[in-house]
Amino acid sequence: MPRTLSQDVLDQKDRDYNRPVELYQIKLDAETLYFAMYPEDIEFFDENGNPQTYYAAAISRDAVKKDNQTNPNTSQITFDNVVRDFSAYIANTDFVGRKVTIWKVFLDADRNVVNLSMIGLESEQEILEEGAGLDYRNNYVEIFTDAIIDSVSIDEYNLTATIVSNLDSLDVELPGETYQVNCRFDFGGEACGVNIPTKSGQIDSISGSIINDSSIAEEADYWKYGTIEVDDESRKIVASGNGFVELEYPFGSAQSGDSYDMQAGCDYSYNSGHGCTFWNNTQFYGGFLDIPKIRNIREVD
């Protein structure tokens with residue numbers, strides 16, 4: 001929901017003459033840096049409404065680039081690096097991915113004069129009170145709130161940071177799923193829709209990683225990607241056929257005559273041999289049939 005501007009701000013922004021100042025909050029892991037685009041320190045308030053000094057800094061900023069597509073707003077901020085202050089910050093801090101908030105404040109405010117006779121006026125009017133625009137915590141305009149530092153470059157003269165607007169600003173909780181070709185659901189889980197086939201039996205013989213049992217009569221590789229358990233040991237099945245299953249690596253202590261429990265598996269594909277098509281379950285496929293070409297969603301024309 002848009003923030004309502006204070007009356008002080010509304011008065012000042014419409015004046016023929018005003019004194020705006022931009023304030024910067026750069027949120028690092030251990031601290032927040034506060035700067036003012038002004039030759040002197042500015043006393044205002046922080047993001048929590050507490051009094052805060054914004055230290056004078058030589059800062060310039062490009063106009064905010066906007067469009068009507070899906071691209072986020074972007075801007076570039078340049079800090080003077082002549083005294084090398086920011087070189088020290090960069091050397092010890094990863095700025096990329098950090099959040100930046102930019103506010104605009106007005107140094108002055110209009111005030112009603114009540115006792116007119118004290119200043120020699122005959123009728124009530126507004127007078128400009130210098131410095132009063134910083135007296136109230138709500139006297140600011142949001143330019144960026146929690147924008148993300150996308151990239152940083154530095155030379156002997158300047159530090160330049162590209163920032164992009166926070167795409168989560170709508171406060172909508174989105175599914176935290178991975179955009180991938182493979183199905184993201186657990187095989188046999190509630191979202192999958194398959195009842196996992198299982199089988200119990202007795203080992204006829206063992207030859208290395210091959211478990212033989214004549215009762216295994218399902219089609220070739222039916223049990224592939226599944227698991228087989230003997231006592232407290234479990235192994236992944238890499239192949240199966242008439243009368244046998246092949247394990248990823250041999251059991252440590254299993255032997256002929258031991259009982260086993262086996263369950264089928266899935267390769268989590270749509271149609272690559274042992275996924276949704278094999279299990280007749282394509283309507284519950286939890287992946288994407290195609291991943292589009294990678295592009296930078298933050299690119300602005």
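If you go through region 245-278 one residue at a time, how many are buried (at least 17 other Cβ atoms within 10 Å of the Cβ) and of a type in the set (V, I, T)?
Total satisfying the criteria: 1.
From the list S240, S234, which one is in a strand (DSSP E or B) and without any contact (Cβ under 8 Å) to a residue 12 or more places away in the chain?
From the options S240, S234, the qualifying one is S234.
For region 9-45, which positions are over 17 Å from I102 (Cβ atoms) and either under 22 Å from the mean Cα position of the chain (by Cα) or in a helix (DSSP H, G or I) (or both)?
Result: L10, D11, Q12, D29, A30, E31.
If we keep just the residues of region 30-49 that are free of Cβ contacts under 8 Å to residues at least 24 places away in the same chain and out of contact with any strand residue (DSSP E or B) (no Cβ under 7 Å at 6 or more places or on another chain), which is nearest to Y140 (Cα to Cα)?
Looking at the filtered set, the residue picked out is N48.
Given the conditions (1) touching a helix residue (DSSP H, G or I) at 6+ places or on another chain (Cβ under 8 Å); (2) assigned to a strand (DSSP E or B), report the number of the one that E229 does not fulfil.
With respect to (1) touching a helix residue (DSSP H, G or I) at 6+ places or on another chain (Cβ under 8 Å); (2) assigned to a strand (DSSP E or B), E229 is out only on (1).
Values quoted throughout were computed directly from the atomic coordinates according to the rules given, and no laboratory measurement underlies them. Please read all numbers here as calculations on a predicted model, not as lab measurements. Here Cβ is always computed from backbone atoms with ideal geometry, including for glycine, and neighbour counts include all displayed protein chains.
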